[in-house]
Amino acid sequence: MSTAPATTPPSGPSTAPVFTGLDRQGKLVFVGLMLGMFVASLSQTIVGPAMPRIVGELGGIEHYSWIATAAMLVSAVSVPVVGKLSDLYGRRWFYLGGLAVFMVGSALAGMAEGFWFLVFARAVQGLGMGTLMPLSQTIIGDIIPPRQRGKYQGIMGAVFGVTSIAGPLIGGVVTDHLGWRWLFYLTLPIGIAAFVFIMKFLHLEKADQHGKIDYWGIVTLTPGLVIALLATTWGGGDFAWTSPVILGMYAIAAAFLIAFVIIETKVEEPLLPMQLLLRPIVALSVAASFAIAVAMFGAIIYIPVYAQGVMGVSATASGMILIPQSVAMILTSIIVGLLISKTGRYRPFLIVGGIIMVIGYVLLVALEYGDTQWHLTLAMIVIGLGLGLSMQVYTLIVQNAVARRELGTATAAIQFFRNIGSTVGIAVLGTVMTASMSTSITEQIAALPAEDLAALQASGGADVSGLENAALDPSALSELPEILVEPIRMGMGEAMHMVFLTAVPFAVIALVLSLFIKHVPLRETVESADEFASQPGADAAAELGGTGTEPQDSHPRTGPIPVIDPEQLEAADAGELGDGGAASSAQDRESVTADER
């Protein structure tokens, strides 16, 4: 469907054809996938500049964060469900359905006349996003083998970078000139174009559908995740972390999630197969992606807060301050993708990217009150380089390490833990900021010279309660006595120092985990050797070659999961298997279990 005419390797006439590039139809499918990812990613960044105006018109300032949280919660819950169902019943209609749901949510959001209806509409959008984001990467895995997949995933990473730049800029302009409702209508034409591309050009051949839907897994995972994420979001803000409400929610969530794990070990087609998540290369990649998501949102969400609260830049300028990081991430992501496709090596990029990202966060921690904007920009660029080097590579590693029938589940797993990481990161780092801010500002004011404190007392401005809100509100700050401005900014700087310091361990954890990820040679074909050998008409020579073939269907067969042996792949990749040694090697490979990987 999607590859150019293939060449036959010299190992034998029945060896699977090698991928030589996307043909015109495949390229159009790729364009459709990029458009779908673009609208889903843009919807996460375009609303930011309009949120103050939205809550000003609709009300709900006390629940401000729910405009973003609603979409993130539903997206996180839907990712593993959609990933598994797409493995059983194919990607195409799920992807088209996700696009349709997302566009319905966008239209509802644009028509919202009340705050909670807007929150509901954002939740509908989140359901669409939870379908589009993982399936875009899974379909890439369906049509492009891992060795060539790097450059395409580099482009996908660049899409995120472009939306992080364009989203806030477009959001501000559209809000000022057309109104905030047009932010949601703006994505509809792009979504329709993506729908047309996928509907017309993505036609994977169908096969017999087998397997049972894991209903018990769905009904235990969904409430468990929702309750746990709600507790994490509310903790430290709406309720104290040690309050009966938060502790009770975590207890209930734990009960659901423990039940989920038990169920997943017993059902025929588990939603998140435990044996998949326990494979070393998958477990390490998923855990590293989670840690990076926590640290990344420490930069994306809270650096603008630092810029406004400590450096005193405007809201527009604070949004612009993220551009260097995004540009660095875009360029690096594209270059790394090309280099991986050319060399077949990915591990060095993970390690170098992890080191650079840790350095970037150390630079953030080292920021002090009075530093210029260039100090912050330098830290942002370094973090962007680290993210570009590593963020998309984890998906490639996981997709290369699993059989094709597990591709949707594996891709959804890594996207799922990224979503969880971003939600946890926002909640935890936000709690650190709010807990530190009031104390730090109070201490800075108390450290003022005695004569300044006396003058402040005489002017009636000694009440320091609520001053943390003034740090992010220029009009409120301008109404305060001049001698309070610097202590407020210095106190804000100390609070943000704690936020960045809290993010550093997550960047270090991601680096340490990456050090233990073993290199598995990237396949030159879509399917593994075992999967190709199991197809009708394939002979033993195909299995010995260590290559796959273009997928025969859009929903792989169920049954025993083919296992990819890293040592066998390395030998095949190096051309070390002769005709005589290949047969015994194939027998050895059959004895390898998934757990041994």
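The values are calculated or read from the model by the stated rules, or taken from the named source; none is laboratory data. Not measured: the values here are computed from a predicted model. FYI the Cβ positions are ideal-geometry reconstructions off the backbone, even for glycines, and counts take in every protein chain you see. The area values use the complete protein model at the heavy-atom level, side chains included, leaving out ligands, DNA and RNA. Shrake-Rupley method; radii C 1.70, N 1.55, O 1.52, S 1.80 Å.
Tell me, what is the FRET efficiency for ARG53 and GLN275 to the nearest 0.05, using R0 = 41 angstrom and their Cβ-Cβ distance as r?
The computed FRET efficiency comes out at 0.25.
Net charge near SER341, counting Lys/Arg +1 and Asp/Glu -1 over other residues with Cβ under 10 Å of its Cβ? Write down the numbers at each step before the final one.
Working: positive: ARG147, ARG149, LYS151, LYS342; negative: none.
Computed value for this residue: +4.
What FRET efficiency do you get for ARG347 and GLU451 if R0 is 60 Å and r is their Cβ-Cβ distance, rounded to the nearest 0.05? Working shown, then result.
Numbers: r = 61 Å, r/R0 = 1.02.
Plugging the Cβ-Cβ distance into 1/(1 + (r/R0)^6) gives 0.45.
Which order do peptides 434-447, 367-380 fall in by mean Cβ count within 10 Å, highest first?
Top of the packing list down: 434-447, 367-380.
To the nearest 10 Å², what's PHE297's accessible area with a 1.4 Å probe?
40 Å²
Probe radius 1.4 Å, ligands and nucleic acids left out: which of HIS203, HIS177 has the largest accessible area, and how do the rest follow?
The ordering from most to least exposed comes out as HIS177, HIS203.
Enumerate the amide H contacts of LEU22 below 5 Å, restricted to partners 5 or more residues apart or on another chain; note that Pro and chain-start residues carry no placed amide H.
ALA4
Roughly how many Å² is the accessible area per residue of the stretch 37-156, as a whole number, for a 1.4 Å probe? Numbers along the way, then the final one.
Numbers: 3300 Å² over 120 residues.
I get 28 Å² per residue for the stretch 37-156.
Given R₀ = 45 Å, FRET efficiency for ASP23-VAL512 by Cβ-Cβ distance, to 0.05? Don't skip to the end; give the middle numbers.
Working: r = 42 Å, r/R0 = 0.94.
Rounded to the nearest 0.05, the efficiency is 0.60.
Residues with beta-carbon under 15 Å from that of ILE351, excluding ILE351: net charge, scoring Lys, Arg +1 and Asp, Glu -1?
+3
Where the accessible area of the stretch 209-277 is counted over protein heavy atoms with a 1.4 Å probe, how much of it, in %, is carbon and sulfur?
Answer for the stretch 209-277 is 75 percent, counting heavy atoms of protein chains only.
Would you mind working out the accessible area per residue for the stretch 391-445, using a 1.4 Å probe, and quoting it in Å²?
Ligands and nucleic acids excluded, the figure is 20 Å² per residue.
What is the packing order of peptides 243-252, 149-158, taking the mean over residues of other C-beta atoms within 10 Å and listing the highest first?
Per-residue Cβ counts within 10 Å, averaged per peptide and sorted highest first, yield 149-158, 243-252.
Whenever you get a sec, compute what percent of the accessible area on the stretch 92-183 sits on carbon and sulfur atoms (1.4 Å probe).
About 77 percent, which is the carbon plus sulfur part of the accessible surface.
Counting only other residues whose beta carbon sits under 14 Å from that of ALA40, what net charge do I get with K and R as +1, D and E as -1?
Once positives and negatives cancel, what remains is +2.
How far, in nm, would the chain grow between ILE190 and LEU338 when pulled straight, counting 0.36 nm per residue and subtracting the alpha carbon separation?
Result: 50.6 nm gained on full extension.
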